[in-house]
Amino acid sequence: MMGLMVLGCSNKAETTTDPPKPKPKDAASAIVYLAGDSTCAAKSESERPKYGWGEKLSQYLNGNTVENRAVGGKSTKTFKEGGQWAKLLKSLTAGDVVLIQFGHNDENQTASDGRGTTPEQYHDNLLEFISDVKDKDAVPVILTPLCRRSFSGGTVNHTHGEYLTKAKEAAGEGGVVLLDIEQSSFDWLTALGEEASASRFMVSVDGSDNTHLTELGATEVAELVAKALKACSDAKLASLVK
């Protein structure tokens, strides 16, 4: 009788093991990414004396590399549509930090390039950003938009309306740190007053731009961001700052 030959059999169950995830960077080695609009973005020499506060942030940090990915004219919507968000995510590694500040362009719902979003869309886009960063084992932080230099009778105006509320809601729902830069810059403008604050904004150059910063303004707003990080409840974020 011919015996049966069994090939390739094993009584051991085959198992596969996923490769271990890389250990997240500590605060000292974390790269700080900036996602935002022109109030944060780096400027070319042809745009001087305009500055973004992101150009001045590194001087307040503990040697961390700052990757300023902010782009002028972008909203949460067009930062995604233009591919800038995907490129940022591709660069992220575990333990990196992403400071996310939009709002000025989201509010412009009549812009011909379609940059505007409703407050609800802005909120949902921020939640998507938070989720995307967490999926990379990195740390998302939401910043409310910089206060515009808008005075009425010597008093600073809050000009971002419902977008401020939606940024705060998104941070709360996403379980991440919120840096209320609108309020801290509102207080900064109040302390400076209408006349002294002009030198911090491009209004001192062309007489009309109360949104974009001069080098002095960018340096002082970067300090506001650093102070907000230092004072936040997250120990890792706080330790980024000198």
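Looking at the chain alone, DSSP beta bridges between its own residues are antiparallel in about 25 percent of cases.
Ranked highest first by the average count of other Cβ atoms within 10 Å around their residues, in what order do 156-164, 188-196 fall?
For the peptides 156-164, 188-196, the packing ranking is 156-164, 188-196.
Provide the FRET efficiency to the nearest 0.05 for the E173-T93 pair, computing r from the beta carbons and using R0 = 22 Å.
With a Förster radius of 22 Å, E is 0.30.
Under a 5 Å amide H cut-off, with hydrogens placed 1.01 Å from N, Y33 pairs with E67, V97, V98, L99 among residues at least 5 apart or on other chains. Put R200, R69 in order of accessible area, highest first, and with a 1.4 Å probe you get R69, R200. The portion of the accessible surface of the chain made up by carbon and sulfur, rounded to a whole percent, is 51 (1.4 Å probe; DNA, RNA and ligands excluded).
With R₀ set to 25 Å, the beta-carbon distance separating S29 from K230 gives a calculated FRET efficiency near 0.85. In the context of the full protein assembly, F151 retains an accessible surface of approximately 30 Å², using a probe radius of 1.4 Å and ignoring ligands and nucleic acids. Taking the Cα centre of the chain as origin and assigning +1 to Lys and Arg Cβ atoms and -1 to Asp and Glu Cβ atoms, the resulting dipole is close to 740 debye. Between D137 and E162, residue separation times 0.36 nm minus the direct Cα-Cα distance comes to 6.0 nm.
Taken along the Cα-to-beta-carbon direction at a fixed 7 Å, the label points for A191 and Q109 span 3.5 nm.
Evaluated with a Cβ-only charge set (Lys, Arg +1; Asp, Glu -1), the range 104-189 carries a dipole of roughly 340 debye about its Cα centre, given to the nearest 20. Taken as Cα centroids, the range 56-98 and the range 186-242 sit 19 Å apart, rounded to the nearest whole angstrom. The value of relative contact order for the range 108-242, using C-alpha pairs under 8 Å at least six residues apart, is 20 percent.
If we count every other residue with Cβ under 15 angstrom of E215's Cβ, Lys/Arg +1 and Asp/Glu -1, where does the sum land?
Within the 15 Å Cβ shell, the charges total -1.
Largest GNM mean-square fluctuation across G103, G114, G54, computed for the chain with C-alpha springs under 10 Å, falls on G114. If a helix is a whole DSSP H run, which ones in the chain reach 30 Å or further along their own axis (Cα) and hold a mean Kyte-Doolittle hydropathy of at least 0.0? Once both thresholds are applied, nothing remains. Relative contact order of the chain, taken over Cα pairs closer than 8 Å and 6 or more residues apart, is 22 percent. Per residue, the chain exposes 50 Å² of accessible surface when a 1.4 Å probe is rolled over the protein heavy atoms with every protein chain present. Short to long, the 5 Å bins of the Cα pair-distance histogram for the chain hold 1, 6, 13, 17, 18, 15, 10, 5, 3, 2, 2, 2, 2, 1, 1, 1, 1, 0, 0, 0, 0, 0 percent of all pairs.
The values are calculated or read from the model by the stated rules, or taken from the named source; none is laboratory data. In this text the structure is predicted, and so the values were computed from the model without any measurement. Note: ideal-geometry Cβ built from the backbone for every residue, glycine included; neighbour counts use all protein chains shown. When the accessible area is computed, the model is the full protein with side chains, heavy atoms only, and any ligands, DNA or RNA have been set aside. Shrake-Rupley method; radii C 1.70, N 1.55, O 1.52, S 1.80 Å.
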